[in-house]
Amino acid sequence: MVTKKQHYYPRTLIKHFANEDKRLYAFIRMENKVQYKNYQDVCYHNYTYEGSSGNDNILENKLSLLEGKLAPIIDKIVNNINQNRVSVNLKNTEIDFLYKYIFLQYIRTDSGRIRFIRGFGNMKYISKKYQYKIDEINDSKKREILEFNDRFKQEGVLENLVNYIVKPNFMNFHIVIGENFITSDNPVIGLDEGMQLYMPISSNFCIAFQHDFVNCSREIPVEITSVKEKFINECQIETANYYIMSSKNFDLNINWYIYRRFHEKDWEKKSKHYK
């Protein structure tokens, strides 16, 4: 049986932003409104990982295997946070896998697949600082996105990439503790030319990797200021193509930032996150 509904932001991550009724608040960019939706009904396209040879679920199944490895690590972290403990006993192998996965999550979205194909092996490629527009993504679905799918469904290609990604010693892992992280369909935030990587995994928790130049601390749990949390949330709004999600209804400040992001003319020139 072929899976039709394929998530580019896996349910094993999104579920931690849902409430006990399995729903979350989602700003749906294509409908320009907020809905309280089941977490399984966001961040997917039909057959999004299928290639030019037809619907065979090869890449979808490969990604599902990696998600299965990710799930217990995320659950371990979130369960410790929920029990009000600020330490979690993660193995080095688990931290290394989180580093691998954060890169995989970055490239498996629509925008990420376009960036990967345009930049792979192209020494002259200059990464687009701001997010791709919807019309650019739609134009690429039968080019870069299809090429990505065809390439990574081949035997060993995805597996070799995952093995190739190794966390450097100068990239320090942190569990960032906050009050109310939001997330988007492009949840990985890269700052300072990749020296800081953030990915929220629940309302109270964000994993981060930071270069020694930015933060040389080896302490894993890190509490951040409300100013830094606001900055990370605004970055999620900036990177979104289709959805912005939260376990809590969006407050006035978040709603205003969402409105400006998608309605103000030339917003990318005004944004303070992508200078």
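The values are calculated or read from the model by the stated rules, or taken from the named source; none is laboratory data. Predicted model, so just to flag it, every value in this text is computed and none were measured. A quick note on method: Cβ atoms are made from the backbone with ideal geometry, for glycine too, and the neighbour counts reach across all protein chains shown. Side chains are part of the model used for accessible areas, which takes the heavy atoms of the whole protein and leaves out ligands, DNA and RNA. Shrake-Rupley method; radii C 1.70, N 1.55, O 1.52, S 1.80 Å.
Tell me whether region 87-97 contains one or more residues that are touching a strand residue (DSSP E or B) at 6+ places or on another chain (Cβ under 7 Å), open to solvent by 60 Å² or more (accessible area, probe 1.4 Å), farther than 17 Å from Glu67 by Cα and at pLDDT below 95.
yes
Scan region 263-275 residue by residue and report those that are open to solvent by 10 Å² or more (accessible area, probe 1.4 Å) and either of a type in the set (Ser, Thr, Tyr) or within 17 Å of Cys43 (Cβ to Cβ) (or both).
Result: Tyr274, single match.
Let's see how each residue does on (1) touching a residue at least 60 places away in the same chain (Cβ under 8 Å); (2) of a type in the set (S, T, N, Q); (3) touching a helix residue (DSSP H, G or I) at 6+ places or on another chain (Cβ under 8 Å):
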site: Arg108; (1), (2), (3): yes, no, yes
site: Gly112; (1), (2), (3): yes, no, yes
site: Asn138; (1), (2), (3): no, yes, no
site: Glu144; (1), (2), (3): no, no, yes
site: Phe148; (1), (2), (3): no, no, yes
site: Gly156; (1), (2), (3): no, no, no
site: Asn163; (1), (2), (3): no, yes, no
site: Lys167; (1), (2), (3): yes, no, yes
site: Met171; (1), (2), (3): yes, no, yes
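Within region 220-261, restricting attention to residues that are hydroxyl-bearing (Ser, Thr, Tyr) and assigned to a strand (DSSP E or B), which residue is nearest to Asn92 (Cα to Cα)? Step through it out loud before you land on a result.
Initially, region 220-261 is screened for residues hydroxyl-bearing (Ser, Thr, Tyr), giving 225-226, 239, 242-243, 246-247, 257, 259.
Adding the requirement that they be assigned to a strand (DSSP E or B) leaves 243, 246.
Values: Tyr243: 33, Ser246: 30 Å.
Within region 220-261, the match that is nearest to Asn92 (Cα to Cα) is Ser246.
Can you name the number of the only condition in (1) crowded, with 17+ Cβ neighbours inside 10 Å; (2) among the hydrophobic types (A, V, I, L, M, F, W, C); (3) over 23 Å from Gln105 (Cα atoms) that Leu252 fails?
All conditions are met except number (1).
Please state which of the following conditions Asn19 fails to meet, knowing it meets all the rest: (1) surrounded by fewer than 15 Cβ atoms within 10 Å (Cβ to Cβ); (2) of a type outside the set (A, V, I, L, M); (3) without any contact (Cβ under 8 Å) to a residue 24 or more places away in the chain.
Asn19 satisfies every listed condition except (3).
Quickly run through region 39-77 and pick out the residues that are modelled with pLDDT of 95 or more, assigned to a helix (DSSP H, G or I) and β-branched (Val, Ile, Thr).
Correct list: Ile58, Ile73, Ile74.
Can you tell me how many residues in region 100-120 are out of contact with any strand residue (DSSP E or B) (no Cβ under 9 Å at 6 or more places or on another chain) and among the aromatic types (Phe, Trp, Tyr)? If you could, list the steps in order and put the result at the bottom.
So in region 100-120, the residues out of contact with any strand residue (DSSP E or B) (no Cβ under 9 Å at 6 or more places or on another chain) come out as 100, 104, 107-109, 111-120.
Those still in the list that are among the aromatic types (Phe, Trp, Tyr) too: 116, 120.
Residues that pass the stated criteria total 2.
I'm trying to understand the selection: among the residues of region 39-70, which are open to solvent by less than 40 Å² (accessible area, probe 1.4 Å) and over 19 Å from the mean Cα position of the chain (by Cα)?
Correct list: Glu50, Gly51, Gly54, Asn57.
Could you please tell me which pairs satisfy a Cβ distance under 8 Å, a separation of 6+ or placement on different chains, a first residue in region 30-58 that is free of Cβ contacts under 8 Å to residues at least 24 places away in the same chain, and a second residue that is assigned to a loop (DSSP other than H, G, I, E, B) and surrounded by 13 or more Cβ atoms within 10 Å (Cβ to Cβ)?
Filtered contacts from region 30-58: Asn38/Ala18.
Would you mind stating whether Ile73 is open to solvent by less than 30 Å² (accessible area, probe 1.4 Å) and free of Cβ contacts under 8 Å to residues at least 40 places away in the same chain? Quick ask: steps written out before the conclusion?
Working: open to solvent by less than 30 Å² (accessible area, probe 1.4 Å): yes; free of Cβ contacts under 8 Å to residues at least 40 places away in the same chain: yes.
Judged against the criteria, Ile73 is a match.
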